[in-house]
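Written below as structure tokens is the structure these notes are about.
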Amino acid sequence: MLNPWASEDIKDYSRIIKEFGLKEIGPDMLPDNPYVRRGIVFAHRDLDLWIEDARNGNAAILTGIKPSGPFHLGTLMTAVDLAYFHRKFGVPTYYCVADVEAYEDNGLPYEESERIAVSHIAHALALGLSEDTYFYFQSHEKHVMRMAFKVARLVTDATLRAVYGEHPLRLYMAALLQVGDILLPQKDGKKRVLVPVGIDQDPHIRLTRDVAHRMGLVPPAATYHRLMRSLTGEGKMSKRDPMSYLSLDDPIDLARKKVYNAFTGGRATAEEQREKGGRPDICMVFTLATYFMDDEEIRDIHDKCVSGQMLCGECKKRVWDKIEKFLIEHRKKYEEKLPLAREIVKEVTR
Ligand code: TRP
Ligand code: SF4
């Protein structure tokens, strides 16, 4: 069972693909997408059909963020991916601020969601999300509310338990609302909607596909990314332990500390590492490299690591230098986008 409200530590992604009937997404499917090439985005539903519909101008793309969480690398990836699909296919793009879910799941007051969403939207714009994007808050989008209630007429509590497991009513309500989100782009006509999300969100996709069929709408497509493990090497990342994840809001000194303290695949001694090589497959510094460095650099780090040519100290410095450059650049763009983000939030929450 996948639980969208508890961060999970998934070990076996191929089992998930089998268990839930996903399709693997090979690097040849979208060769110009770095996350696909690197296997970070690893599976999909109906992406092939979506691409076809997008080429025929009959598709849209949508994802959502919960403002109760930090803007971490998962959020970065979906924003960058949204920008990518928008650029490549020119499809209408939707970015949902899940303020109702943040309230139901985390008790975050609505005013807080508005304040934090300014920052999240500024980050997303700075990452290249188009200014043409339709930004909205769940609590302000009448159609999403209505859709959620309509969906409630179609699903039984037994279905909710089967899809999500046992949860309090408030989370089932958040689930119905998210189905409403995903159906929003079909408000004025059928189209195929692609939803780039973390694999933990698949229950929402499955439920939406099921009800879309029955409402005479097009079932949504999805791409799934792997969940980032904790930087400390202990299972899942957690909001309660800031050292477990990198956030785009981290001050440079803190970010540096997180990278230098991250769990590595290094050996006990330098001699042993020169002899046997390191283990990038379990190394969080290497994982960070796959987010921030280009293909050649990633390959070079991998080769020098497994051959024992490079030790972790040197490697960390190399990866950190790249991340630091990115963060400094990003922060500049973020500051530039803040006024626009403030305006957007004011506009869509009035
Ligand atoms: N549930 C998502 C999360 O926790 C946020 C979200 C809300 C979302 N509505 C959505 C994601 C619609 C994709 C599509 O991050
Ligand atoms: Fe990780 Fe780099 Fe050490 Fe290899 S050399 S284990 S990639 S930190």
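The values are calculated or read from the model by the stated rules, or taken from the named source; none is laboratory data. Keep in mind it's a predicted model, so treat the numbers as computed, not measured. Cβ: placed from backbone, ideal geometry, glycine included. Neighbour counts: every protein chain shown. Only protein heavy atoms, including side chains, enter the accessible area calculation; ligands, DNA and RNA are left aside. Shrake-Rupley method; radii C 1.70, N 1.55, O 1.52, S 1.80 Å.
When segment 295-350 is filtered for residues that are in a loop (DSSP other than H, G, I, E, B) and buried (at least 16 other Cβ atoms within 10 Å of the Cβ), the ones remaining, listed by number, are 308, 310, 311, 349.
Taken together, 240, 229, 267 contain a single residue that is within 21 Å of residue 69 (Cβ to Cβ), open to solvent by 70 Å² or more (accessible area, probe 1.4 Å) and in contact with a helix residue (DSSP H, G or I) (Cβ under 8 Å, 6 or more places away or on another chain), which is 229. Annotation note: of 259, 285, the sole residue that is open to solvent by less than 10 Å² (accessible area, probe 1.4 Å), within 15 Å of residue 228 (Cβ to Cβ) and out of contact with any Cys (no Cβ under 9 Å at 6 or more places or on another chain) is 259.
For residue 214, the stated conditions do not hold, so it cannot be described as surrounded by 21 or more Cβ atoms within 10 Å (Cβ to Cβ) and within 30 Å of residue 135 (Cβ to Cβ). All conditions but one from (1) open to solvent by less than 10 Å² (accessible area, probe 1.4 Å); (2) more than 18 Å from residue 84 (Cβ to Cβ); (3) not aliphatic (A, V, I, L, M) apply to residue 123; the one that does not is (2). Screening residue 150 on (1) within 29 Å of residue 20 (Cα to Cα); (2) open to solvent by 60 Å² or more (accessible area, probe 1.4 Å); (3) in a loop (DSSP other than H, G, I, E, B) shows it passes everything except condition (3). Flag: residue 81 does not match the condition of being more than 15 Å from the chain's Cα centre (by Cα) and either acidic (Asp, Glu) or within 17 Å of residue 197 (Cβ to Cβ) (or both).
Hey, does segment 274-285 have a residue that's under 20 Å from the mean Cα position of the chain (by Cα) and more than 15 Å from ligand 1 (Cβ to nearest atom)?
Yes, segment 274-285 contains at least one residue that is under 20 Å from the mean Cα position of the chain (by Cα) and more than 15 Å from ligand 1 (Cβ to nearest atom).
Within segment 283-304, residues that are closer than 16 Å to residue 265 by Cβ and of a type in the set (Lys, Arg) reach partners that are open to solvent by less than 20 Å² (accessible area, probe 1.4 Å) and within 9 Å of ligand 2 (Cβ to nearest atom) with beta carbons closer than 7 Å, at six or more positions or on different chains, in the pairs 304/310. When you scan segment 340-348, do you find a residue that is within 30 Å of residue 113 (Cβ to Cβ), among the β-branched types (Val, Ile, Thr), within 16 Å of ligand 1 (Cβ to nearest atom) and touching a helix residue (DSSP H, G or I) at 6+ places or on another chain (Cβ under 9 Å), even just one? Scanning segment 340-348 turns up at least one residue that is within 30 Å of residue 113 (Cβ to Cβ), among the β-branched types (Val, Ile, Thr), within 16 Å of ligand 1 (Cβ to nearest atom) and touching a helix residue (DSSP H, G or I) at 6+ places or on another chain (Cβ under 9 Å).
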